[in-house]
Amino acid sequence: MKIKICGLKNSVDVDYVNEAMPDYIGFVFAESKRRISPQTAAEFKNRLSPKITAVGVFVNTEISSISQLYNAGVINIAQLHGSESEAYIDELKKTCDIPVIKAINIEVSPPANADYLLFDNGKGGSGESFDWSLIPKYNKDYFLAGGINLDNIKKAINLKPYGIDLSSGTETNGKKDREKIIQLVQIAREGR
């Protein structure tokens, strides 16, 4: 099982993840309180351990913007949270051959050409959990997101997703918390 820490916003957050060593981190480029600029993401990526894969989080973003970030080495994977269609994903992959994580609602059929799925509460980013028993069975690896924290991470691990996506659960008062990040990554590693 993989571990992703999403929403790096401050320089110190990079230090925390370099210490904890999750498999993935997320840079949010969509409208969000965790949104960062491409320039900030590039600075963070330069300081990020090369063993950690950087994911860019987007909502209905122009393909050229994603392609620029990928070609510049700022991100390694695109995570799409909008209404991006199979045609959009095809075009994106033709443009820059980037792996794609597609966030979908549990009632929606997934696009066949996404590399991974991500299940979250609603459109995502709420920091609230949902009824995990409703996750449909697909023959595609998925990330589980939405309000995963120290209280429920073991339950999330028991579902055996491809990956656990952590964001608000790694924070205290809206800022990344070193201790929580280290604890959550350690619990996830022990559980896999």
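Quick look at the values:
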quantity	calculated
Residues of region 2-48 classified as within 17 Å of N149 (Cβ to Cβ) and assigned to a strand (DSSP E or B), total	5
Test: residue in region 73-93 that is more than 12 Å from the chain's Cα centre (by Cα), within 30 Å of N173 (Cβ to Cβ) and in a helix (DSSP H, G or I)	no
Filter pass, V57 being of a type in the set (V, I, T), touching a Cys at 6+ places or on another chain (Cβ under 8 Å) and in contact (Cβ under 8 Å) with a residue 40 or more places away in the chain	yes
Subset of region 23-33 that is modelled with pLDDT under 95 and among the charged types (D, E, K, R) - its residue that is farthest from S167 (Cα to Cα)	E31
From the options D131, D120, residue that is modelled with pLDDT under 90 and either hydroxyl-bearing (S, T, Y) or surrounded by 17 or more Cβ atoms within 10 Å (Cβ to Cβ) (or both)	D120
K160 being at positive phi, surrounded by fewer than 16 Cβ atoms within 10 Å (Cβ to Cβ), at pLDDT below 95 and part of a loop (DSSP other than H, G, I, E, B)	yes
Filter result (without any contact (Cβ under 8 Å) to a residue 60 or more places away in the chain and of a type in the set (S, T, Y)) within region 13-40	S37, T40
Of all residues making up region 128-154, the number that are over 18 Å from I5 (Cα atoms) and among the basic types (K, R)	2
Filter result (surrounded by 12 or more Cβ atoms within 10 Å (Cβ to Cβ) and within 17 Å of the chain's Cα centre (by Cα)) within region 60-72	T61, I66, L69, Y70
Pairs, first over 15 Å from G56 (Cβ atoms) in region 92-111, second in a loop (DSSP other than H, G, I, E, B) and hydrophobic (A, V, I, L, M, F, W, C), C-beta under 8 Å, six or more apart	I106/F130; I106/I135
Test: residue in region 30-50 that is farther than 25 Å from G82 by Cα and among the basic types (K, R)	yes
Out of T40, T53, sole residue that is surrounded by 14 or more Cβ atoms within 10 Å (Cβ to Cβ), among the polar types (S, T, N, Q) and under 14 Å from the mean Cα position of the chain (by Cα)	T53
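For (1) over 14 Å from C6 (Cα atoms); (2) in contact with a Leu (Cβ under 7 Å, 6 or more places away or on another chain), each residue gets a yes or a no:
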{"site": "S49", "(1), (2)": "yes, no"}
{"site": "T53", "(1), (2)": "no, no"}
{"site": "I63", "(1), (2)": "yes, yes"}
{"site": "I66", "(1), (2)": "yes, yes"}
{"site": "I75", "(1), (2)": "no, yes"}
{"site": "E84", "(1), (2)": "yes, no"}
{"site": "A87", "(1), (2)": "yes, no"}
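The values are calculated or read from the model by the stated rules, or taken from the named source; none is laboratory data. This one's a predicted model, so the numbers in the text were calculated from it and none came from an experiment. Quick reminder, even Gly has a Cβ in these numbers, built from the backbone with ideal geometry, and neighbours come from all protein chains shown.
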